[in-house]
Each structure stands twice: as C-alpha cells, then as structure tokens.
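Report on the following structure.
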Amino acid sequence: MTVKHLAHAAHQQIQTACGITVARSHVHELLAAAFGYGSWAAFRADCVLSDAGVGDLVPQNGSALAGRALQLNIPPNATSVAASTLLALLQERRVSALRWHAVEAMTKPAVEAPPRGGPEAWSEEDDADLDFDDEEPAMPPPSPAVRLARSPLLLDELASRAMSPQIHHQLAGAFRCRKPNPYLYEESLKGRVLTKQEQAWVDQYLAEAPQHRAFEHHLRQAALGGVRQAAAEYAAAFEDATFYERAKHLDGEVDARTMAELAPTAEQRHAWLRSAAEQGSHQALDDLAHAGDSWALERLAREGDVEALRTLAEEAVESGDGLRAWAYQNFAATLGVDLTQSDYRAYHSEGEHAGEFYDSDFGGPMHVDGSPAVDLPELDDDGHSRAREMALRFSGGVSLANALEAQ
C-alpha cells in the first residue's frame, strides 16, 4: 500500500459514507488530524505513515478530528461520520505512524559492544566447559530496520520524501541485504504448483524483496546525491561500472579496498590497493606484496614478516644489488633471523595433527614446506659497513628498493 492508495481509499469511503463531495487535499488534512496534528505539512515534517503493525503512534477519533473536519467545510451533521469512517479505514489497514527521530534511531549503524572482560578474559580451559551438543545455535534478533521493512506504506513514504544524500545512505545501510531469488515466485505466476517448502521460500521472497528494493533505491539516491562511498557501494552491489566512475571523480571518503575490487585495470587496482594499505588495510598490503610491490614488501618486512624479507633479499641478489641484499640480511638479524639459512620444516599432512610440526611419535603422512636459503654475494669490509648503515636507515623507514632513497 502507498500513501496515494490510502488517500484514494479514504477519499472514496468518506464521500460515500457522508454523501457529499470532499476535496482530495482535505483527506490528507484529516489523516494528519487523526494523529493529533493541525496540518498535513506539520505531520509530514514530524512523522511518516506506516502499516503492518509498525509504528508507535495510533490514530485517534478525538474531538480534534471532528473539529478539523468542520474547519474543512464538511457539514456539521457529517463530521462525526467522516471521522469514524476514516478511523475505521485506518484501523482496518493497520495504519500508524513513526516520528522521524525514531526512524533515524532504528536505522543508525549498530555499534557492537566488546566482549566482557576483553579477549584476554577467555582461556582455552574455558572451551572445555562448553557443551555445544546440548545447545541450539543462537539466532540474532531481527534488526530494527528489518522491522521497518515489513511496512510497505513506510517504505513508500521513505522513498517519496525529499531527504539529504547522507540520510539516504544511512537508510541504505540499514536496509542492506542480498537480492532474494525470484525464481520460484516467477514459476508460481506461470502456474507451477508449489510444495509446502517451495511456498515457504516464495513467502520469504515476498517478505525480503521490498527490503532489497528499498536498499537499492536509497543507495542509488545517495550516490546520485554525491556520497562517494555510496557510489562505490552501488557499483559493487549492482555491478554498475558507471557508479565506479562516478565514485572516482567525487570528493569525500571512500573505501579504497572496495574501489580496488571494482577497478577495471591493473594500474587502477594497484593505485587503490596502495590507498587501502595506507588507510590501514592489511589485506591490501598482502595483496600488493603478493604482486611483488616493493613498497608493500618493505612495509611487511619492517613489521617482522620474514617471507617479505626473503623476497626482497632474493630480488636484490637477482638484480645484482649485493649491498641491498646484505642490508636486508642485517635487518633480519635484528629479528633473530638468518636469511642465509633455509627454514624448511616437516608438517603432518592428515589427521588430527594436520598442519602441525611433524612428530615421529604420531607418524603418518607428512609434507615439507618453507623457503630456501638466500645465496648472498661476498662483500669486502667497506661493503659490509655500508650494508649495516643501509639496514639502520631501512629500520628508520627509508626505502632500500627506491634507488634515490637508498643512496
């Protein structure tokens, strides 16, 4: 149901019950009066209509409603009939209202509370006290936004209102969901007889589809309104490359990791991964390092990533830069690591100890994993002295892979 449909039904029923002609605009004024407001404009500024049991403001057939009917030039002998007719319709359609501040509170992003006592408060011994076999998995309560999505009238109200792009983005975040599968619903329209389980899936689709439409609408409006992050999210959620281009050229904050996933070229992906890593994304840093990016490898190396150090040292050896290779070796030594030694280890391949260091007491299949030793070139005393200086500069943040910085 939409506001337009509700107003049309109210208009027809009031005219029929009272036997008079009522201006269509007066119906909206009577709707506002049913919720205690003096005008439709005042009601819309403060509230939104809802149905399906969603809403904390219920219509009342008080003196204000009949009085407002009289102000709208409805004959005195018809005011009570008009009021009772409208109230009966609203009750039949389960129409109520929500104040804007309630909608805002219900659609704000949830802030998860940290575990009581912090992660350190839990120990492995506590796991033994848990008996999961006797417990049903806990289902999270439905979010307030899911409750809002049950009201077609409310969704129509939100979609038709003029709002700031930021509010659209907030609503999109609240209504975010995966697109439900319409297959069985469409099959039922073609005449397919559904099983009980299939009908349950169709009912679920019919319940979820309005929420997904609301998500798409508000995210699109936020993106078109200039919210950069919304444009990136729309491009990702609806596979629309035009919104990626829009996000590229908008100002404001954007999740660089999302942009990297959307980037159509390797160059753009690399640039966005670099931005994401600079924003603190360790996954982006790993992706760059895996692609051989020296900046990312050096960042990881300074954090103590031995594999990154080996990769850097091996690359330096292959490029004939023995000084740089030894500088990485000297830095590794400060971590207690010798890159000239391999770190091959045997691991259990199967069974309850799979992935653990191999123990012959348990036996069973095994595999060997690790990295070979780095074959460093020989240096004279002056070379070793320079390599140690380079290692100190590297530990202080200077890039050795950048020739200008390394000098």
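What follows is calculated from the coordinates using simple rules that are stated; it is not laboratory data. As the structure is a computational prediction, the values presented were derived from the model and not from experiment. Don't worry about glycine lacking a Cβ; one is built from the backbone with ideal geometry, like all the others, and counts go over all protein chains shown.
Note the full-extension length gain between Ala266 and Ala88 as 0.36 nm times their separation in residues minus their Cα-Cα distance, in nm to one decimal. Before the final figure, lay out each step's value.
Details: separation 178, 0.36 × 178 = 64.08 nm, distance 6.29 nm.
Here the segment from Ala266 to Ala88 would lengthen by 57.8 nm.
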Fill in the blank from the handout: Of Leu65, Leu379, Leu297, the most mobile residue in a GNM of the chain (C-alpha springs, cutoff 10 Å) is Leu379
Exercise for the section: Go through segment 321-330 residue by residue and turn each phi into a ³J(HN,Hα) via Karplus (6.51, -1.76, 1.60, θ = phi - 60°); whole Hz please, and just put x for glycine and proline. Expected result: 9, x, 4, 5, 4, 5, 4, 5, 4, 5
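Could you compute how fast the chain diffuses translationally, taking Rh as the Kirkwood radius over C-alpha pairs and applying Stokes-Einstein at 10 °C with viscosity 1.306 mPa s? Give it in µm² per second.
Details: Rh = 28.0 Å.
In µm²/s, the coefficient is 57.
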Completion exercise
Its Cα gyration tensor gives segment 239-310 an equivalent ellipsoid whose semi-axes in whole Å, largest first, are 26, 12, 8
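Give me the number: length gained by fully extending Arg192 to Asp375, i.e. 0.36 nm times residue separation minus the C-alpha to C-alpha distance, one decimal in nm. Walk me through the numbers on the way to the answer.
Values: separation 183, 0.36 × 183 = 65.88 nm, distance 7.01 nm.
Gain in length upon complete extension: 58.9 nm.
For an R0 of 45 angstrom, estimate the FRET efficiency from the Cβ-Cβ distance between Ser164 and Arg393 and round to the nearest 0.05.
Values: r = 50 Å, r/R0 = 1.11.
The computed FRET efficiency comes out at 0.35.
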Problem - Residue among Ala214, Ala232, Ala333 with the largest mean-square fluctuation in a Gaussian network model of the chain, springs linking Cα atoms under 10 Å - result: Ala333
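Taking R0 as 30 Å, what FRET efficiency do you get between Glu253 and Asp46 from their Cβ-Cβ distance, rounded to the nearest 0.05?
On the way: r = 31 Å, r/R0 = 1.05.
So the FRET efficiency works out to roughly 0.45.
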Problem - Amide H contacts under 5 Å for Ala373, placed H, 5+ residues apart - result: Ser342
Exercise for the section: In nm, give the distance between the simple-model label positions of Ala291 and Asn73, each being 7 Å from the Cα along the Cα-to-Cβ direction. Expected result: 7.0 nm
Exercise for the section: List, in order, the whole-Hz ³J(HN,Hα) value for each residue of segment 7-17 obtained from phi through the Karplus relation with A = 6.51, B = -1.76, C = 1.60 and θ = phi - 60°; use x for Gly and Pro. Expected result: 5, 5, 5, 5, 4, 5, 5, 5, 5, 5, 5
Fill in the blank from the handout: Checked against the positive end of the charge dipole of segment 304-406 (+1 on Cβ of Lys and Arg, -1 on Cβ of Asp and Glu, about the Cα centre), the farthest of Asn330, Phe394, Pro372 is Phe394
Problem - Under the Karplus curve 6.51 cos²θ - 1.76 cosθ + 1.60, θ = phi - 60°, whole-Hz ³J(HN,Hα) for segment 29-44, x wherever Gly or Pro sits - result: 5, 5, 4, 5, 5, 5, 9, x, 9, x, 7, 5, 5, 5, 5, 5
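With +1 on the Cβ of every Lys and Arg and -1 on the Cβ of every Asp and Glu, and nothing else charged, how large is the dipole of segment 1-97 about its Cα centre, in debye rounded to the nearest 20? Can you show the working numbers first?
Working: 6 positive and 5 negative charges, 37 e Å.
It works out to roughly 180 debye.
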Practice task
Over the alpha-carbon set of segment 304-406, work out the extent along each principal axis and list the three values in angstrom, largest first.
Solution key: 52, 26, 21
Problem - Charged-residue dipole, Cβ positions (Lys, Arg, Asp, Glu), the chain about Cα centre, Debye nearest 20 - result: 4340 debye
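What full-extension length gain, to one decimal in nm, is calculated for Arg99 and Leu224 as 0.36 nm per residue of separation minus the Cα-Cα distance? Numbers along the way, then the final one.
Numbers: separation 125, 0.36 × 125 = 45.00 nm, distance 2.64 nm.
Result for the pair: 42.4 nm of gain on full extension.
Please identify every one of the chymotrypsin sites (Phe, Trp or Tyr not before Pro) in segment 316-407 that sits in a loop by DSSP and has no more than 12 other beta carbons within 10 Å of its own beta carbon.
Details: sites: Trp326, Tyr328, Phe331, Tyr344, Tyr347, Phe357, Tyr358, Phe362, Phe394; in loops: Tyr344, Tyr358, Phe362.
Answer by residue number: Tyr344, Phe362.
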Problem - Estimated distance in nm for a label pair at His367 and Arg302, the labels positioned 7 Å out from Cα along Cα-to-Cβ - result: 3.5 nm
Fill in the blank from the handout: For Ser50, other-chain or 5+-apart residues with amide H closer than 5 Å (H placed, Pro excluded) are Ser96, Ala97, Leu98
Completion exercise
At q = 0.10, 0.21, 0.22 Å⁻¹, the log10 of I(q)/I(0) for segment 144-287 from a Debye sum over equal Cα scatterers comes to -0.45, -1.15, -1.20
Exercise for the section: Scan the chain and hand back the longest stretch that contains none of the GluC sites (Glu not before Pro) lying in DSSP loops with at most 11 other Cβ atoms within 10 Å. Expected result: 1-111
Problem - Pairwise label distance in nanometres, Asn181 with Glu350, each label 7 Å out on the Cα-Cβ vector - result: 3.5 nm
